[in-house]
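K.L.:
Below is the structure I would like to discuss, written out as structure tokens.
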Amino acid sequence: MKGLFLTLEGIDGAGKSSHIDALEALFKAQGRQVTRTREPGGTPLAETLRGLILEQPMDALTESLLVFAARRDHVVRVIEPALARGDIVLCDRFTDATFAYQGAGRGFDPAVLRTLETWVQANPSGGLLQPDITIWFDLAPEIAAERLAGARVPDKFESQPVEFFRRVAAGYAARAKDAPRFVRIDADQSREAVWQQIEAALAERGLVASQSGGAP
Ligand code: TMP
């Protein structure tokens, strides 16, 4: 079976992580092997870098280099082998987050990000590793901030002002505009309604056999 690379994206507080269990169960119920992972992270080295990226103040180039260093280790050790085995790779964030957070959010040069992307995601067949499908949880930054308030101790990004997340959200929208792999989910709905949108989008693309209609 052919591997499938599925990523979940959205601003902090958009609710993407709460659907990963259900996605894993959905694909497993179809007899697929699932590799579940996240960025920054997914390997011991990348998880160590995640701690630095989320906690230490640093300039945007340093942050971008660390994000892509973590990604390189993750791609080589986890994502590519899993796809070669035919797994479904469920990845909580990938390079779209770098263009949205470091690019649009922090105002860092997207041309440099594209160069790093080419270095890190180049595959042996001469192409660029990209997700097959990206589920983008679109939610107004003001609502996401309300949802996050008091939920947990905020990390470096979560404690940014709402203006930062307006830029990040615009970054996601710009990226989605050019890429048919993006599926926009209206995340300003109940958890069950959000899940139904996800299932419908996967069924429409022939990635799951049928819709169960059930909530996670
Ligand atoms: P998470 O809380 O969804 O796991 O994401 C971790 C944080 O890292 C989130 O605030 C977004 C940020 N991030 C970046 O700034 N750049 C990236 O490339 C990635 C993958 C995440």
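K.L.:
For the range 23-60, which residues satisfy the criterion of being assigned to a helix (DSSP H, G or I) and within 13 Å of the ligand (Cβ to nearest atom)?
P.N.:
Matches in the range 23-60: ALA46, GLU47, LEU49, ARG50, GLY51, LEU52, ILE53, LEU54, GLU55, ALA60.
K.L.:
If I ask for residues that are without any contact (Cβ under 8 Å) to a residue 40 or more places away in the chain and assigned to a loop (DSSP other than H, G, I, E, B), which ones from the range 111-141 would you list?
P.N.:
Within the range 111-141, PRO124, SER125, GLY126, GLY127 qualify.
K.L.:
Give the residues of the range 162-186 that are farther than 18 Å from PHE94 by Cβ, within 16 Å of the ligand (Cβ to nearest atom) and open to solvent by less than 70 Å² (accessible area, probe 1.4 Å), sorted by residue number.
P.N.:
Matches in the range 162-186: VAL162, PHE164, PHE165, ALA170.
K.L.:
May I pose another question? Just need a number here: residues in the range 104-128 that are over 20 Å from LYS2 (Cα atoms) and open to solvent by less than 10 Å² (accessible area, probe 1.4 Å).
P.N.:
2
K.L.:
Another question, then. Determine, yes or no, whether LEU90 is farther than 20 Å from ASP178 by Cβ, more than 10 Å from the ligand (Cβ to nearest atom), under 18 Å from the mean Cα position of the chain (by Cα) and in contact (Cβ under 8 Å) with a residue 60 or more places away in the chain.
P.N.:
Judged against the criteria, LEU90 is a match.
K.L.:
Additional query: Scanning for something out of contact with any strand residue (DSSP E or B) (no Cβ under 6 Å at 6 or more places or on another chain), surrounded by 14 or more Cβ atoms within 10 Å (Cβ to Cβ) and farther than 21 Å from SER159 by Cα, does the range 51-61 turn up at least one residue?
P.N.:
no
K.L.:
If you check PRO131, PRO141, which single one turns out to be within 15 Å of the ligand (Cβ to nearest atom) and more than 19 Å from LEU4 (Cα to Cα)?
P.N.:
PRO141 is the lone residue from the list that is within 15 Å of the ligand (Cβ to nearest atom) and more than 19 Å from LEU4 (Cα to Cα).
K.L.:
Output the qualifying pairs, or none if there are none: Cβ atoms under 8 angstrom, residues six or more apart or on different chains, first residue in the range 63-80 and within 13 Å of the ligand (Cβ to nearest atom) and outside any helix (DSSP H, G or I), second residue of a type outside the set (A, V, I, L, M) and modelled with pLDDT under 95.
P.N.:
Going by the 8 Å Cβ cut-off, there are no qualifying pairs.
K.L.:
May I ask you to list pairs of residues, at least six apart or on different chains, whose Cβ atoms are under 9 Å apart, with the first in the range 170-194 being closer than 17 Å to ASP21 by Cβ and charged (D, E, K, R) and the second being crowded, with 16+ Cβ neighbours inside 10 Å and modelled with pLDDT of 95 or more?
P.N.:
Filtered contacts from the range 170-194: ARG191/HIS19.
K.L.:
Can you give me the number of residues within the range 35-50 that are open to solvent by 80 Å² or more (accessible area, probe 1.4 Å) and in contact with a helix residue (DSSP H, G or I) (Cβ under 8 Å, 6 or more places away or on another chain)?
P.N.:
Adding up the residues that qualify gives 2.
K.L.:
Sticking with this structure for a sec: Taking ASP155 as the residue in question, decide whether it is touching a helix residue (DSSP H, G or I) at 6+ places or on another chain (Cβ under 9 Å) and of a type outside the set (A, V, I, L, M, F, W, C).
P.N.:
Answer is yes for this residue.
K.L.:
For GLY150, which of the numbered conditions (1) exposed (fewer than 13 other Cβ atoms within 10 Å of the Cβ); (2) under 29 Å from GLN197 (Cβ atoms); (3) at pLDDT 95 or above; (4) not charged (D, E, K, R) fails to hold?
P.N.:
Looking at each condition in turn, GLY150 falls short on (3).
The values are calculated or read from the model by the stated rules, or taken from the named source; none is laboratory data. Model, not experiment: these values are computed from the prediction. In this analysis, Cβ positions are derived from the backbone assuming ideal geometry, glycine residues included, and neighbour counts consider all displayed protein chains. All accessible areas refer to the heavy atoms of the entire protein, side chains included, with ligands and DNA or RNA removed. Shrake-Rupley method; radii C 1.70, N 1.55, O 1.52, S 1.80 Å.
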